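What follows is a structure written as structure tokens; I'll ask about it next.
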Amino acid sequence: MTDTLTPVLTRFWDVPESWKLATYERHDGYRALRKALTMKPEEVLAEVKDSSIRGRGGAGFPTGLKWSFMSPPDGGPRYLVVNADESEPGTCKDIPLMMANPHELVEGAAIASYAIGCEKAFIYLRGEVVHVYRRLLSAVAEARAAGYLGRDVLGSGATLDIVVHAGAGAYECGEETALLDSLEGRRGQPRSKPPFPGAQGLYARPTSVNNVESIASVAGILRHGADWFKSMGTEKSTGFGIFSLSGHVAHPGQFEAPLGITMRELLDLAGGIRQGHRLKFWTPGGSSTPILTEDYLDVPLDFDSVAAAGSMLGTRALQVFDETVSVVRAVARWTEFYQHESCGKCTPCREGTYWLRQVMTRLEHGKGSQDDVDKLLDMCENILGRAFCALGDAATMPVTSGIKHFREEFEAGMHTPADVLFPLANSALFEVSDTKESSGMVTT
Amino acid sequence: MTTTTSPGAGGNSVSEGGDAQVPKGPNEVTVTIDGVPVNVPKGTLVIRAAERIGIEIPRFCDHPLLDPIGACRQCLVDVALPDKEGTPRPMPKPQASCTMVASEGMVVNTQNTSAVADKAQHGIIEFLLVNHPLDCPVCDKGGECPLQNQSMSNGRPDSRYEDVKRTYPKPINVSAQILLDRDRCILCTRCTRFADEIAGDPYLVLAERGGLQQVSIYEEKPFDSYFSGNTVQICPVGALTGAAYRFRSRPFDLVSTSSVCEHCASGCGIRTDHRRGVVLRRMGLNTPEVNAEWNCDKGRWAFTYATQPDRIELPMVRGDDGDLRVVGWPEALAVAAKGLAGSRAGVLVGGRVSAEDAYAYGKFARTVLGTNDVDFRARPHTAEEADFLARHVVGTGVPEAAGFSEGARGVSEGAAEGTGGGTGVSYADLEQAKAVLLVGFEPEDESPIVFLRLRKAFRKHGTRVFSVAPFTSRGLKKMGGTLVPTAPGHEAETLRALAGSKTGRLADEALTDGGIVLVGERLAQTPGALTAAAGLAAAKGARLAWVPRRAGERGALEAGAIGHLLPGGRPVTDPAARAEVAAVWESGSLPQTPGRDSASIIAAAADGTLDALVVGGVDPLDLALPEAAAALERAFVVSFELRESAVTAVADVVLPVAPHAHKAGSFVDWEGRVRPFERALSSNAVSDYRAIDMLASEMGHFIETRTQAEIQAQFEALGPWSGQRAAATATPATPVVSTGAGEFVLATWATLLDAGRMQDGEPFLAGTAPRTVARVSPRAATWLGVGEDDTVTVTGPGGAVTVPAVIAGDMVDGVVWLPTNSPGCSVYRDLGARAGDHVNVTKGGLA
Ligand SMILES: Cc1cc2nc3c(=O)[nH]c(=O)nc-3n(C[C@H](O)[C@H](O)[C@H](O)COP(=O)(O)O)c2cc1C
Ligand code: SF4
Ligand code: SF4
Ligand code: SF4
Ligand code: FES
């Protein structure tokens, strides 16, 4: 590893009006698109494949491979859908990226569209972030006015256009098939696979769904070449990524670094744990990735090493919790999230999270019963791998990993409220006057 | 393999061992389920493959007739797929067997052989019960509930759930008939998928998400569908109930009888459930070749008409004071016999009779009354139609109608090898057809299962449906159909020059290659139209079928209850045909002049040419003949009836006959398929054929229609007719008769749910009937100065109705549509007009 930080997507976030086309053009903007348009689409695809970039949306599926798995062109429409639904607790990379540098995504989407033969791409944005929605709309408008989008882009003959769509704010709509249903105007519930989106996606046409960061990175890959990209990261997790540190660190924020960097290094960059405290547990990639402890600080943060350590790289959302935090309380909050966001389609997730939530609430209030902990584990076993989509699986991760590392705190929930063991005020980074805890009622 | 089956034990006769495999077909794959190899067609779902070898995987959302969804996760099994070397590689997690397609070499372990699958299934049931109220003791489904049953077979003995259940106020009405208890619902989406996929009425939907996800309707938009009752039947819990049955009974107290619906010519198999002599509910009976597992709401809920207070259970004769008085059978028969003896009588047979009943009426007319004056068409009809039925319909049954009683089969098989143009179009043929042209026929209202099958054909096989009609109905939309716009009365012109219009040309092209033409009974009202339809079918090489509305019409046609045909389509004018029948009937000779049709019988009775009428369950209003009342008044009338009616009001003798549930017999559906039904309730009510037999005996004739067996023996002895079909006699194509001077042409047909008397006594069902409205074109609306829901007054020769207007986007200008017989609008009674007549339309109240 050469450099600790590799600012590419974040390279000019601090420049005034970083989101404007002119600013972007001053920072090499749209050079990559010009270059791509001189190549054949299959050459562009080959370049991306050669970079070995793996999807930045969580699962880490190689992006070039996904594109090449799409059904071959048959003259009908083909779609690129950019997944900008970012709703995972802790995950906060795509939204700042689109806020500060929307043109990188627009350029990446144009290149990706060109590579897969798509004339109309969609950006499916989490609905709550209205300010990002505006930035994306004006970036697309600017790009269109400048001839980077529209008919006959830059005289190449290619038609490339982008529709920005604001969802209604459902975590499940980030699941790629639920996203497609939602985009088509249906309820955001996942579809059976097969058929996969590559064969029958949006409007039953071949579709590639890719994360914002995956697509934005394509611009850099074309600008500098696959070898440049591969020169960063590890052999199987090439390139760089945005690492989002939040919670009990001195300087939370975004750190764009090569994959394979360790948590210890990142903590150093963030100024360490907040003054006077020590690390208790952390998530490597958002709430859906099993929590880890101090013992894992030197695990390289690449897809395979984190998996080997029993968790997942996920979306590199590093939530940091110090010794003041009750694991039970944190897990209860996450469980509420999953229960609230369960789409309701399948039994284990819909009913399982409903039950998990009630048990977690009791434990948090010191009202657990003797077999609650074992029951939680068994319920999780009955959800994991039984649910229709990965949301159900994800809901079990905080619970099982929490019990794995901190079982005694769960057991204490049989008699002592979490707030007694870990007063909330000690964890707060600001003054709390009223310790508002979960009511335990379903308030969807 | 450890099991061996010796040939002697009924297994395969094989050279070694007893476990030989059925040879694998070219489009089959072999999968191994719980150690048992099985060959299944490619594309078969694992859950279906398991059923083939008797392995039942628990399930809730799965339904073989609905698209797979994989939502409940109850059917999880362990699956291993072969790698390149063919070694099975277990998949990391259990798979939903209801969405996974069986593939070559797949190894499946169900709950029987996999602890993982078994635990997964137990886990799902436990989750399903987390929010379930467990109110089985007061739930209609208790005792026949898949959730209850599978909780026993595949669930935990106790629940570990000790937290708070989600509750909802219960129940809510999703329609006038259907109630939803949301707390019982397990969100399998069978009901919503049924509504969306099968019925095409997506008004039952899911709302909210997560733990609050629930079945719902749109705001202010009830689940109005002719097929809504099917959702109650396929709901795997007691969440959906019909108001008519809710809290009436427990399944284990019911006695079930396999029956066939009496309401239309679709021929649905139904199950009649009764308790201590009272029919409590009816359900669709799985009959794959006919109605699959479905039926319509009329067939499900319209059965209380038979238990209304005006039901006639005892014979009656009219006394000198003009009042009917109850008498014993001997006296009633004596009075009837005396009145008929030596009279010139005609026989009117209603469309509700069984084939056996119709046979008895026909035989009675010929052998006892010595006349061919018998007709089952209690509705507008023509001589052209009679010719059409003789040439193209009678004796064209579906060949595979076997399995039914031999005798009854003869009814339709009479001339199965016949020479007619349309030989036995079946439901399966509709499903496979490239194109279907509907003429004078609105399937959703007039034969709902034909509608469902056409919708399925459209959805699954891309069948193109065209309709020669004045506007695009909701039903046509749901079949993805195309309108060939035609004002009533002009169908013949449209058919003769089909390629002449834009959409007609499409229909013309589509029919060429495996098309089917379906004509409705209404088409008889347009002179020349049936002839034109037959001509078109012949020219295109398309097949032709006739779909009457009433359940008894096709059987009555086959049984010879029409003036020019003897049983099996034998022409009365053909000496050989008469001889065949006379031999079986052991009667010297049979009348050879073709008989009068219903209208002529009425006319003859009105002017005194006929002096007696035998009427079997006909509502004179349905004939749309102004002179009907006078005819009944003047003639000596023997009425075979179920309930008080316009006929019994003037009849001289009333003989009570058995309602549907009290009798056995058979209908013949529109396909020509014989549909036998059993008697659900035992009582001393007699079917029409028995009452006629008694009357014949009283008159000194032994017509041997005492029992079904006797009638069947005669059918059998008659066998199919192999001679010439009846020749055409009528000259069609008289110009459109207009009885009024109005600006509009009247289009009308009866909606499935309306003011029909056979729907009496079921207010919840009536609440789901379509509103009574008049449909006009947008231009007509502008011209009349009315908007949607403003009232219009439609005036015919006999009066006027004032009803709300609905603007039908593509209605042919100058046409107004009204329901034939709905609350507040009886076209025959209130307007004195029929389809194709001219009427006046004005803004409401201005007439
Ligand atoms: C419940 C759930 C939520 C998800 N949310 C997101 C999301 O907000 N953004 C995203 O890119 N991927 C999300 N995913 C992953 C997507 O399904 C999909 O794998 C991803 O968009 C593919 O992009 P990539 O190949 O570029 O990583 C989610 C998956 C699940 C199961
Ligand atoms: S696991 Fe099931 S209920 Fe949960 S979000 Fe996915 S499909 Fe919906
Ligand atoms: S009401 Fe019945 S059929 Fe409909 S989703 Fe609920 S359980 Fe399934
Ligand atoms: S479709 Fe016809 S036969 Fe079937 S249930 Fe309805 S009325 Fe009866
Ligand atoms: S039966 Fe298979 S998931 Fe419901």
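The values are calculated or read from the model by the stated rules, or taken from the named source; none is laboratory data. Just so we're clear, the structure is a prediction, and the values are computed from it rather than from any experiment. Reconstructed Cβ throughout: ideal geometry from the backbone, glycine too, with neighbour counts over all protein chains shown. Calculation scope for accessible area: heavy atoms of the full protein, side chains included, ligands and nucleic acids excluded. Shrake-Rupley method; radii C 1.70, N 1.55, O 1.52, S 1.80 Å.
Evaluate the following for B:G54: is it free of Cβ contacts under 8 Å to residues at least 60 places away in the same chain and away from ligand 5 (no atom under 16 Å from the Cβ)? It would help to see each step written out before you state the result.
Numbers: free of Cβ contacts under 8 Å to residues at least 60 places away in the same chain: yes; away from ligand 5 (no atom under 16 Å from the Cβ): yes.
In short, yes.
Regarding A:R407, is this residue more than 10 Å from every other protein chain (Cβ to nearest Cβ) and free of Cβ contacts under 8 Å to residues at least 60 places away in the same chain?
Numbers: more than 10 Å from every other protein chain (Cβ to nearest Cβ): yes; free of Cβ contacts under 8 Å to residues at least 60 places away in the same chain: yes.
Against the criterion (more than 10 Å from every other protein chain (Cβ to nearest Cβ) and free of Cβ contacts under 8 Å to residues at least 60 places away in the same chain), A:R407 qualifies.
Looking at the range B:214-230, is at least one residue open to solvent by 10 Å² or more (accessible area, probe 1.4 Å) and within 16 Å of ligand 2 (Cβ to nearest atom)?
Let us first name the residues in the range B:214-230 that are open to solvent by 10 Å² or more (accessible area, probe 1.4 Å), namely B:214, B:216-222, B:224, B:226.
So of that shortlist, the ones also within 16 Å of ligand 2 (Cβ to nearest atom) come out as B:214.
There is at least one residue in the range B:214-230 that is open to solvent by 10 Å² or more (accessible area, probe 1.4 Å) and within 16 Å of ligand 2 (Cβ to nearest atom).
Please work out which one of (1) surrounded by fewer than 21 Cβ atoms within 10 Å (Cβ to Cβ); (2) in a loop (DSSP other than H, G, I, E, B) is the condition B:V647 fails and give its number.
(1)
Taking the range B:491-519 on its own, how many of its residues are open to solvent by 10 Å² or more (accessible area, probe 1.4 Å) and closer than 25 Å to B:W749 by Cα? Outline the logic, then answer.
Initial filter on the range B:491-519 (open to solvent by 10 Å² or more (accessible area, probe 1.4 Å)): B:491, B:493-494, B:496-497, B:499-503, B:505-506, B:508-510, B:512-514.
Next cut, closer than 25 Å to B:W749 by Cα only: B:491, B:493-494, B:496-497, B:501, B:503.
Residues flagged as open to solvent by 10 Å² or more (accessible area, probe 1.4 Å) and closer than 25 Å to B:W749 by Cα within the range B:491-519 amount to 7.
On to the next question. Which condition from (1) assigned to a helix (DSSP H, G or I); (2) under 23 Å from B:W817 (Cα atoms); (3) open to solvent by less than 10 Å² (accessible area, probe 1.4 Å) is the one that B:R522 breaks?
Tallying (1) assigned to a helix (DSSP H, G or I); (2) under 23 Å from B:W817 (Cα atoms); (3) open to solvent by less than 10 Å² (accessible area, probe 1.4 Å), B:R522 fails exactly one: (3).
Still on this model: Please go through (1) surrounded by fewer than 24 Cβ atoms within 10 Å (Cβ to Cβ); (2) more than 14 Å from every other protein chain (Cβ to nearest Cβ) for A:P284 and return the number of the only condition it doesn't satisfy.
(1)
Pull up the range B:218-234, narrow it to residues that are modelled with pLDDT under 95 and touching a strand residue (DSSP E or B) at 6+ places or on another chain (Cβ under 8 Å), then point me to the one that is nearest to B:C296 (Cα to Cα).
The selected residue is B:F223.
Please specify each residue of the range B:88-101 satisfying the condition of being within 16 Å of ligand 2 (Cβ to nearest atom) and facing chain A (nearest Cβ under 9 Å).
Initially, the range B:88-101 is screened for residues within 16 Å of ligand 2 (Cβ to nearest atom), giving B:93-96, B:98-99.
B:K93, B:P94, B:A96, B:T99 - these are the residues of the range B:88-101 that are within 16 Å of ligand 2 (Cβ to nearest atom) and facing chain A (nearest Cβ under 9 Å).
Now a separate question. Going by the structure shown, is B:Q121 open to solvent by less than 50 Å² (accessible area, probe 1.4 Å), more than 9 Å from chain A (Cβ to nearest Cβ) and touching a residue at least 60 places away in the same chain (Cβ under 8 Å)?
Details: open to solvent by less than 50 Å² (accessible area, probe 1.4 Å): yes; more than 9 Å from chain A (Cβ to nearest Cβ): yes; touching a residue at least 60 places away in the same chain (Cβ under 8 Å): yes.
Yes; evaluated as a whole, the condition is true for this residue.
Of the residues B:E85, B:E162, which is within 13 Å of chain A (Cβ to nearest Cβ) and exposed (fewer than 14 other Cβ atoms within 10 Å of the Cβ)?
Numbers: B:E85 fails: within 13 Å of chain A (Cβ to nearest Cβ).
Only one candidate qualifies: B:E162.
Being closer than 17 Å to A:G169 by Cα and either open to solvent by less than 30 Å² (accessible area, probe 1.4 Å) or out of contact with any Lys or Arg (no Cβ under 9 Å at 6 or more places or on another chain) (or both) is true for just one of A:C92, A:C118. Which residue is that?
Result of the check over A:C92, A:C118: A:C92.
Scan the range A:180-192 and give yes if some residue there is open to solvent by less than 10 Å² (accessible area, probe 1.4 Å) and within 16 Å of ligand 2 (Cβ to nearest atom), otherwise no.
Pass one, the range A:180-192, residues open to solvent by less than 10 Å² (accessible area, probe 1.4 Å): A:180, A:190.
Of the ones still in play, those that are also within 16 Å of ligand 2 (Cβ to nearest atom) are A:180, A:190.
There is at least one residue in the range A:180-192 that is open to solvent by less than 10 Å² (accessible area, probe 1.4 Å) and within 16 Å of ligand 2 (Cβ to nearest atom).
State all residues of the range B:255-298 that are assigned to a strand (DSSP E or B), farther than 18 Å from B:K663 by Cα and free of Cβ contacts under 8 Å to residues at least 40 places away in the same chain; if no residue qualifies, say none.
B:T287
Residues are listed down the side, and each one gets a yes or a no for (1) assigned to a loop (DSSP other than H, G, I, E, B); (2) hydroxyl-bearing (S, T, Y); (3) more than 26 Å from B:Y226 (Cβ to Cβ); (4) in contact (Cβ under 8 Å) with a residue 60 or more places away in the chain:
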| position | (1), (2), (3), (4) |
| --- | --- |
| B:F441 | yes, no, no, yes |
| B:I449 | no, no, no, yes |
| B:R455 | no, no, no, yes |
| B:R459 | no, no, no, yes |
| B:L476 | no, no, no, no |
| B:A510 | no, no, yes, yes |
| B:D513 | yes, no, yes, yes |
| B:T531 | no, yes, yes, yes |
| B:R550 | yes, no, no, yes |
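In the range A:365-404, how many residues are away from chain B (no Cβ under 14 Å), within 18 Å of A:G352 (Cβ to Cβ) and either basic (K, R) or touching a His at 6+ places or on another chain (Cβ under 9 Å) (or both)?
0
Continuing with this model, one more query. Taking the range B:267-283, which residues are within 7 Å of ligand 4 (Cβ to nearest atom) and in contact with a Gly (Cβ under 8 Å, 6 or more places away or on another chain)? Reasoning before the result, please.
Taking the range B:267-283 and keeping what is within 7 Å of ligand 4 (Cβ to nearest atom), we get B:267-268, B:270.
B:C268, B:I270, listed by residue number.
What's the number of the only condition in (1) in contact (Cβ under 8 Å) with a residue 60 or more places away in the chain; (2) closer than 25 Å to B:S151 by Cβ; (3) within 12 Å of chain A (Cβ to nearest Cβ) that B:R73 fails to meet?
Going through (1) in contact (Cβ under 8 Å) with a residue 60 or more places away in the chain; (2) closer than 25 Å to B:S151 by Cβ; (3) within 12 Å of chain A (Cβ to nearest Cβ) one by one, B:R73 breaks only (1).
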